[in-house]
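S.K.: Below you'll find the structure I mean.
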Amino acid sequence: MNHRLIDLRSDTATCPTPKMREAMAEAEVGDDSSGEDPTVNELLEKASALFGKEAALFVPSGTQANQIAINVYTQPGEEIIADASCHPYRSELAAASVISGIQYSFVTADRGVYSWKEAEDAFHPTAERAPRSAIVWIENTHNAGGGQIFPLEKIKELYAFSRNHRISLHIDGARIFNAIVASGIGPIEWGAQCDSINFCLSKGLGCPVGSVLIGNKDFIQEARTRRKMLGGGWRQAGILAAAGIHALDYNVDRLSEDHQNAQRFAELTSGIPGVRHVHKTTPTNIVFLDIADTGKSSHEVNDLLKSRGVILSTFGKTMLRAVTHIDISREDVDKGAEALTEAVA
Ligand SMILES: *Cc1c(COP(=O)(O)O)cnc(C)c1O
């Protein structure tokens, strides 16, 4: 398979394995729009139990999970306390403004991480001039923060803060399993420090489609109506849920390999002239590189990489991102680093 492209653009590049496809082919199905798909229900029970919550909802994408959570917790004209590089602000078009009529109140953050004091600075208890704050938003791990883990201790304090003020705390845990594996802190503990959380099945866990949104019964009941409004009331989704169950059983622990590979990629690329690592550490599976000092643009470098069978994603004129995942081996990482060395030379 040496003609295969080494795709380091994102952990969304992962394709279902033969075993996962087998599980999908054998899935019992029903109409999930009416809550009658047995395989979806099995996935939801498994996911809510994992995080110690009452209920869950299976949705097509992380974006939909985020937008549903925002829609349930806010009224138009309210705001979300979040860091300015969070996924809903940077990468979901203006969905939260269009769908829910909200705006953001940004906190000062370091790689996406902030404390309750910073949240307090951004917090507006009532609508006077500023909109009322309705949600404390946490992204874990943090994508733009180079896969940074949001420390549980900080989340505990933020959750205490949000409960004091009777507002909600949501964790966008698209990559929460990367945080779980890297920190050794289990899902129950993260689940106990938020009102709701979502995770992506279609990233490092290797499924073709799907995210799971988890919370208490009332929240999930409301979430179900919003999912329907957004066109997410799908039917025999058990075929996709079967992939999710398989991923939770077999693809979680192996994320540590992705973390080792990302670490290795960071080490192998750290000495390349003109290449600067945007973040000092590689806690999970994401590495951002700034190549400004090579005199080449990110697109030029990526084209040179492509001609060597490797692809990264570009961010603006001088940034590149590499993400390791189930379809990337240690050997691929070595080839990727070698290709980058040549591409910037
Ligand atoms: C990928 C991602 C999402 C949602 O992505 P979809 O492509 O809509 O599934 C949400 N939050 C974060 C942090 C992500 O990285």
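The values are calculated or read from the model by the stated rules, or taken from the named source; none is laboratory data. Remember, predicted model here, so these are calculated numbers, not experimental data. With ideal geometry, Cβ positions are generated from the backbone for all residues, glycine too; neighbour counts draw on all protein chains shown.
S.K.: Scan region 325-340 for residues that are assigned to a helix (DSSP H, G or I), buried (at least 16 other Cβ atoms within 10 Å of the Cβ) and out of contact with any strand residue (DSSP E or B) (no Cβ under 8 Å at 6 or more places or on another chain) and jot them down.
M.R.: V333, A337
S.K.: Checking the structure you have, find out if any residue of region 69-77 is more than 20 Å from the chain's Cα centre (by Cα), over 20 Å from L213 (Cβ atoms), modelled with pLDDT of 95 or more and not basic (K, R).
M.R.: yes
S.K.: If the requirement is being touching a residue at least 60 places away in the same chain (Cβ under 8 Å) and either away from the ligand (no atom under 15 Å from the Cβ) or farther than 30 Å from L305 by Cα (or both), which of these qualifies: T74, T108, T12?
M.R.: T74
S.K.: Quick test for you: out of G191, G145, G173, pick the one residue that is in contact with a Lys or Arg (Cβ under 7 Å, 6 or more places away or on another chain) and within 11 Å of the ligand (Cβ to nearest atom).
M.R.: G145
S.K.: Then there's this: Within region 26-73, can you find the residues that are among the aromatic types (F, W, Y) and either assigned to a helix (DSSP H, G or I) or more than 23 Å from I180 (Cβ to Cβ) (or both)?
M.R.: Going residue by residue through region 26-73, those that are among the aromatic types (F, W, Y) are 51, 58, 73.
Passing the criteria: only Y73.
S.K.: Out of curiosity, is S168 away from the ligand (no atom under 11 Å from the Cβ), among the polar types (S, T, N, Q) and under 25 Å from G233 (Cβ atoms)?
M.R.: In short, yes.
S.K.: Here's something else I'd like to know. Which condition does R129 not pass, out of (1) among the basic types (K, R); (2) more than 13 Å from the ligand (Cβ to nearest atom); (3) at pLDDT 95 or above, if it passes all the others?
M.R.: Checking R129 against (1) among the basic types (K, R); (2) more than 13 Å from the ligand (Cβ to nearest atom); (3) at pLDDT 95 or above, the one that fails is (3).
S.K.: Continuing with the same structure: Which numbered condition in (1) part of a helix (DSSP H, G or I); (2) charged (D, E, K, R); (3) within 21 Å of A47 (Cβ to Cβ) is the only one that D253 fails?
M.R.: Here D253 clears every test but (1).
S.K.: Confirm whether I245 is without any contact (Cβ under 8 Å) to a residue 60 or more places away in the chain and surrounded by 21 or more Cβ atoms within 10 Å (Cβ to Cβ).
M.R.: Judged against the criteria, I245 is not a match.
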